[in-house]
Amino acid sequence: MKYFKRYFAFILALVLICSNGGFSYAIADNSVESILFKNISQEELQNKALSENGDNKAVLFENGNTDFAIVIPELCSKTLREAVTTLQDVLEKMTGTMLPIVNESQADTAKSWFCIDAVMNTERPVEDGLYDGYRISVDDKNISICGAAEAGTRNGIYAFMEDILGCMFLTPDDTYIPKQKTIYLEKMNEIKKPAVQWRDVYAYETVQNKWAAKLRLNGIDIESENPELTIEQLQYEGWGTWCHNCYSYLSPDEYFKEHPEYFSEKNGKRVIEYKGRDAYLCLSNPEVFEIVKNSLAEKIAENPAQLYWDFSGNDNPFLAGCECSKCKAADEAAGGTGMGTLLPFLNKLAKAFPDKYISTLAYLHTLKAPENIKAESNVVIKLCSMPGDQASSYLDGGNSNSKQFKNQVEQWSQITDKIVVWDYVVNFSHLLMPFPNFAVQAKNQKFYEDNNIIGVFHQASRENGGEFACMRAYVLSRLMWEGSDMDVAECVSGYVTAYFGAAAPHIIEYMNLCASELYNSNKALGLYDGLLAQYDGYLSEDNVKRYCQIIQEAKSAVHGDAIMERRVEEIELSVIYANVLQPGINKSERQTSLDRINALCEKRNITMVCEWESLESFNQNGLKNAVSSEKRELNKPYLITGGVASGVVIAVVAVTVVYRIIRKRKKLIS
Ligand SMILES: [Zn+2]
């Protein structure tokens with residue numbers, strides 16, 4: 001009996017620790033990435049090396065005086081001229097002196113030249129994998145920024161302002177410019193290349209005021225002057241076609257009546273749609289290939305500058321490709337994936353257009369990489385990180401969602417050396433809610449670099465004013481350019497100091513608390529999380545109260561400074577939004593919070609709180625529905641009874657085991 005008591009107490013303690021009321025279990029291994037932002041002073045933001053002279057230095061400005069003039073090509077595109085004008089403006093704001101801009105034919109009069117693009121006998125840089133990178137050289141009498149093409153030169157100009165002069169293009173309208181009357185530049189002759197060949201951050205903000213050019217994103221159209229174009233229409237720069245487009249090559253209207261065999265078979269019948277959604281083509285039919293090839297040739301002839309051309313299936317989750325005997329056999333031979341028919345088809349297209357990249361989506365029935373088939377060298381595979389996770393990196397694959405994507409990419413990188421990743425980087429259900437996903441980004445970038453990824457499409461919010469929208473776009477853009485060696489914590493900390501001024505220490509405190517509470521919870525960070533998904537984590541009632549306090553302190557720190565107050569209000573909107581959804585707050589606090597959300601949204605012209613719900617509808621029913629569903633979820637009786645029941649079952653099993661052990665021992669002793 002003595003043994004029984006001792007074992008019983010031990011097992012009971014174990015049960016209590018493990019069951020923790022029946023809801024959660026002790027965490028042995030934390031898969032969430034951690035990050036620590038730090039306070040940086042305004043002085044630390046300045047590039048001190050600029051004011052230090054030395055043998056290896058060239059003088060651009062000395063006490064506001066300069067011998068340099070900017071020399072531009074006779075024929076200069078509008079976007080390149082905009083970059084040059086920005087450079088001139090930034091230098092004037094730094095030093096108080098305006099550098100003249102002259103055409104190449106007028107350059108003789110200047111004593112020293114700041115050469116833009118291939119002027120004054122500058123040869124364009126040639127190097128493998130340069131893409132839209134550039135060469136920068138600095139000497140006593142000559143500074144030169146030149147790309148393999150104009151886009152590279154433009155990137156070089158913006159990089160010069162950020163990397164060397166210490167400016168930051170913080171938002172579409174705000175640039176941080178340090179004051180610096182003397183500028184000594186390190187003499188150099190270097191080639192700089194982007195870490196990712198094709199770079200896009202899909203967000204409302206990146207297409208405003210041509211900010212994408214300053215972010216050095218080449219996946220967004222910055223040439224167009226048409227104000228009518230939507231965000232969607234300004235995306236996918238470089239791509240002639242993007243996705244879900246097989247019917248644009250071979251249209252059912254034109255062919256189905258005469259040639260039903262061109263279309264996918266389902267249950268013994270040729271179909272052009274299934275369950276209300278477009279079906280597929282029959283890719284093992286050689287005539288289909290000829291029609292698609294000719295159609296692609298026409299498309300390319302209409303739009304020859306585009307490098308990437310996608311041919312992919314329609315978006316139909318109910319149909320796993322064509323079921324005809326030929327297609328089925330090929331798919332089965334490839335290990336049961338639609339790529340058994342699609343990849344050989346694509347390889348043939350790629351061979352027909354060797355100077356273009358031919359892309360397709362690995363998605364639904366074509367998600368799985370095929371066995372025994374390799375992709376041609378100009379085939380591009382596009383992979384979406386669905387269901388996605390923004391807490392655990394793809395590099396480590398620490399939870400099931402990040403692991404799933406990690407495996408897919410790794411399998412595909414055995415078959416192709418050209419992958420484009422489509423990642424999702426915001427909470428689409430709650431665009432304003434705190435979403436601490438900065439920690440994961442550097443490791444994700446490292447994963448891309450290790451796995452043949454040539455392009456990254458970071459999908460953020462298409463709506464105005466999402467949570468930390470500008471900072472997120474800024475950091476992701478820098479990361480895609482600089483690569484995984486970039487210190488994300490330092491980049492964010494610098495951004496916060498430049499953008500929030502005297503409020504920066506409070507914003508850093510808030511961001512650190514948010515990130516550490518997510519880390520401590522060891523939870524996934526989903527793209528459609530409701531508040532309750534993080535209610536026992538970083539969005540707990542206590543945490544959100546603490547965020548609100550910190551942001552009030554941030555507001556006090558910049559009181560009277562209208563610009564800074566407005567910037568802090570961007571974060572205030574996020575924390576109050578998290579507060580208004582709390583199931584536990586009383587009616588009057590909810591109303592006060594809702595009024596404040598409306599006032600802040602009105603001030604910044606924010607009309608959407610979710611990708612599919614307007615602020616207006618949120619005011620009418622959305623908030624009520626969200627909170628009542630959370631309350632329902634919280635009070636689900638089966639969770640409580642389930643917790644108690646599981647505790648009882650574990651206890652009974654444990655007691656039985658212990659009882660048997662003791663009986664055995666007693667038998668042995670006797
Ligand atoms: Zn078929």
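The values are calculated or read from the model by the stated rules, or taken from the named source; none is laboratory data. Quantities reported herein were computed from a predicted structural model and do not represent experimental measurements. As a convention, Cβ positions derive from the backbone with ideal geometry for all residues, glycine included, and neighbour counts pool all protein chains shown.
Brief remarks on what is shown
- Helices (runs of 4 or more DSSP H) lying entirely in segment 226-295 (those with 2 or more residues that are among the acidic types (Asp, Glu) and without any contact (Cβ under 8 Å) to a residue 24 or more places away in the chain): 252-255
- With respect to the stated conditions, residue 377 is surrounded by fewer than 19 Cβ atoms within 10 Å (Cβ to Cβ), in a loop (DSSP other than H, G, I, E, B) and more than 16 Å from the ligand (Cβ to nearest atom).
- Qualifying residue in segment 314-326 (condition: assigned to a helix (DSSP H, G or I), of a type outside the set (S, T, N, Q) and within 16 Å of the ligand (Cβ to nearest atom)): yes
- Only one of the listed residues (272, 300) is touching a strand residue (DSSP E or B) at 6+ places or on another chain (Cβ under 9 Å) and within 16 Å of the ligand (Cβ to nearest atom). That residue is 272.
- Cβ-Cβ contacts under 8 Å between residues 6 or more apart (or on different chains), taken from a first residue in segment 129-155 that is at pLDDT below 95 and of a type in the set (Lys, Arg) to a second residue that is part of a loop (DSSP other than H, G, I, E, B) and surrounded by fewer than 19 Cβ atoms within 10 Å (Cβ to Cβ), are listed as 141/111.
- Scanning segment 54-102 for residues being in a helix (DSSP H, G or I) and of a type in the set (S, T, N, Q) gives a total of 5.
- Any hit, segment 282-294, residues being under 34 Å from the mean Cα position of the chain (by Cα), closer than 19 Å to residue 363 by Cα and within 11 Å of the ligand (Cβ to nearest atom): yes
- Some residue of segment 575-588 being surrounded by 14 or more Cβ atoms within 10 Å (Cβ to Cβ) and charged (D, E, K, R): no
- Residue in segment 198-218 that is surrounded by fewer than 19 Cβ atoms within 10 Å (Cβ to Cβ), closer than 29 Å to residue 379 by Cα and either in contact with an Asp or Glu (Cβ under 8 Å, 6 or more places away or on another chain) or not assigned by TED's automatic domain parsing to the domain that holds residue 79 (or both) present: no
- Taken over segment 616-670, the residue count meeting the criterion of being hydroxyl-bearing (Ser, Thr, Tyr), over 30 Å from residue 606 (Cα atoms) and modelled with pLDDT of 70 or more is 2.
- Filter pass, residue 356 being crowded, with 17+ Cβ neighbours inside 10 Å, among the basic types (Lys, Arg) and either away from the ligand (no atom under 13 Å from the Cβ) or free of Cβ contacts under 8 Å to residues at least 60 places away in the same chain (or both): yes
- Some residue of segment 41-56 being out of contact with any helix residue (DSSP H, G or I) (no Cβ under 7 Å at 6 or more places or on another chain) and under 22 Å from residue 213 (Cβ atoms): no
The rows are residues; the columns are (1) modelled with pLDDT under 95; (2) of a type in the set (Phe, Trp, Tyr); (3) in contact with a helix residue (DSSP H, G or I) (Cβ under 7 Å, 6 or more places away or on another chain); (4) under 27 Å from residue 47 (Cβ atoms).
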residue	(1), (2), (3), (4)
158	no, yes, yes, yes
178	no, no, yes, yes
188	no, no, no, yes
226	yes, no, no, no
231	yes, no, yes, no
245	no, no, no, no
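- Selection from segment 393-427 of residues that are free of Cβ contacts under 8 Å to residues at least 40 places away in the same chain and part of a strand (DSSP E or B): 419, 421, 423
- Test: residue in segment 327-342 that is among the polar types (S, T, N, Q) and away from the ligand (no atom under 11 Å from the Cβ): yes
- Meets criteria (under 19 Å from residue 308 (Cα atoms), under 19 Å from the mean Cα position of the chain (by Cα) and in contact (Cβ under 8 Å) with a residue 12 or more places away in the chain) for residue 223: no
- In segment 486-497, the residues that are surrounded by fewer than 19 Cβ atoms within 10 Å (Cβ to Cβ) and closer than 22 Å to residue 219 by Cβ: 486
- Selection over segment 312-323 of residues that are in contact with a strand residue (DSSP E or B) (Cβ under 6 Å, 6 or more places away or on another chain) and either surrounded by 20 or more Cβ atoms within 10 Å (Cβ to Cβ) or not assigned by TED's automatic domain parsing to the domain that holds residue 267 (or both) gives a count of 5.
- Checking residue 252 against (1) away from the ligand (no atom under 16 Å from the Cβ); (2) modelled with pLDDT of 95 or more; (3) farther than 30 Å from residue 167 by Cβ; (4) surrounded by fewer than 19 Cβ atoms within 10 Å (Cβ to Cβ), the condition it does not meet: (1)
- Matching residues in segment 292-324 - criterion: being in contact with a helix residue (DSSP H, G or I) (Cβ under 7 Å, 6 or more places away or on another chain), modelled with pLDDT of 95 or more and aliphatic (A, V, I, L, M): 292, 296
- For segment 336-348, the criterion of being surrounded by fewer than 16 Cβ atoms within 10 Å (Cβ to Cβ), part of a helix (DSSP H, G or I), of a type in the set (A, V, I, L, M, F, W, C) and at pLDDT 95 or above is satisfied by no residue at all.
- Breaking point among (1) among the basic types (Lys, Arg); (2) more than 19 Å from residue 159 (Cβ to Cβ); (3) touching a residue at least 24 places away in the same chain (Cβ under 8 Å), for residue 93: (2)
- Of residues in segment 384-429 being among the aliphatic types (A, V, I, L, M) and surrounded by fewer than 21 Cβ atoms within 10 Å (Cβ to Cβ), the one farthest from residue 530 (Cα to Cα): 415
- Among the conditions (1) within 9 Å of the ligand (Cβ to nearest atom); (2) in contact (Cβ under 8 Å) with a residue 12 or more places away in the chain, residue 307 misses just one, which is (1).
- Hits in segment 388-429 (condition: more than 16 Å from the chain's Cα centre (by Cα) and hydrophobic (A, V, I, L, M, F, W, C)): 409, 412, 415
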